[in-house]
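The values are calculated or read from the model by the stated rules, or taken from the named source; none is laboratory data. Owing to the predicted nature of the structure, the values given are computational and were not obtained by experimental measurement. Here the Cβ positions follow ideal geometry from the backbone for every residue, glycine too, while neighbour counts run over all protein chains shown. In case anyone asks, the SASA skips ligands and DNA or RNA and just uses the protein heavy atoms, side chains included. Shrake-Rupley method; radii C 1.70, N 1.55, O 1.52, S 1.80 Å.
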Amino acid sequence: MHQTLVLNATYEPLGVVTDRRALLLVLNQRATAVEDSDTVLHYSGGSLTLPAVIRLHKFVRIPYRHAVPLSRRAIFARDGGRCVYCTAPATSIDHVIPRSRGGMHSWDNVVSACHKCNHQKADRTLREIGWKLRSTPREPVGAAWRILGTGRPDVRWITYLKPYGVEQMLTAAATA
Ligand SMILES: [Zn+2]
């Protein structure tokens, strides 16, 4: 089963559907194929090339197009619902550089934490207590990151995903 990248009318990546579903969108004139795949579907009356990338005719509004709002739920989602220090289920938000020490309430300074670690860390910095972060907290980027996370992206998708900040992830995938 192959997948097709779906672009908004503005060429912004929206998500991924099966290539059969993508073909139906094209045949129903709700989308246009912008890149063909290598898969040709043969039927009694002829053949059809399945699309690798389609673009919707009608603009679809997506609420997270701009900055991802900094909420407790979003932070938990980014960090997999686990405490970044001990991997216990997260129950609170910790400011890596404490707010009392000038730390910002921003994506790169907030992490999911369990109550125990949060309490233990209190108003100290990681350096002061000798703790380390498993990964650097950063702002999650919308659809493009989700799309790349769905599996093996088709090389024909890359051009359309690149403008949305996925370069770093592609480099990581290439060297893995
Ligand atoms: Zn913890």
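Taking the conditions exactly as written (part of a loop (DSSP other than H, G, I, E, B) and open to solvent by less than 30 Å² (accessible area, probe 1.4 Å)), does TRP107 satisfy them or not? Criteria met by TRP107. Could you go through region 80-89 and let me know if any residue there is out of contact with any Lys or Arg (no Cβ under 9 Å at 6 or more places or on another chain), over 20 Å from LEU161 (Cβ atoms) and open to solvent by less than 60 Å² (accessible area, probe 1.4 Å). Yes, that holds for at least one residue. With respect to the conditions (1) surrounded by 13 or more Cβ atoms within 10 Å (Cβ to Cβ); (2) in contact (Cβ under 8 Å) with a residue 40 or more places away in the chain, LEU126 lacks only one, and its number is (2). Taken residue by residue, region 11-23 has at least one member that is touching a residue at least 24 places away in the same chain (Cβ under 8 Å), outside any strand (DSSP E or B) and either under 30 Å from LYS132 (Cα atoms) or out of contact with any strand residue (DSSP E or B) (no Cβ under 9 Å at 6 or more places or on another chain) (or both).
Checked against the criterion of being modelled with pLDDT under 95, aliphatic (A, V, I, L, M) and over 23 Å from the mean Cα position of the chain (by Cα), the candidates ALA173, ALA88 yield just one match: ALA88. A single member of ILE54, ILE97 is modelled with pLDDT of 95 or more, open to solvent by less than 80 Å² (accessible area, probe 1.4 Å) and either within 11 Å of the ligand (Cβ to nearest atom) or not basic (Lys, Arg) (or both), and it is ILE54. The listed residues are SER71, SER106, and the only one of them that is under 21 Å from the mean Cα position of the chain (by Cα), over 25 Å from ASP19 (Cβ atoms) and free of Cβ contacts under 8 Å to residues at least 12 places away in the same chain turns out to be SER71.
Answer with yes or no whether ARG156 is at pLDDT 85 or above, charged (D, E, K, R), outside the structural domain of ILE54 (by TED's automatic domain parsing) and more than 16 Å from the ligand (Cβ to nearest atom). In short, no.
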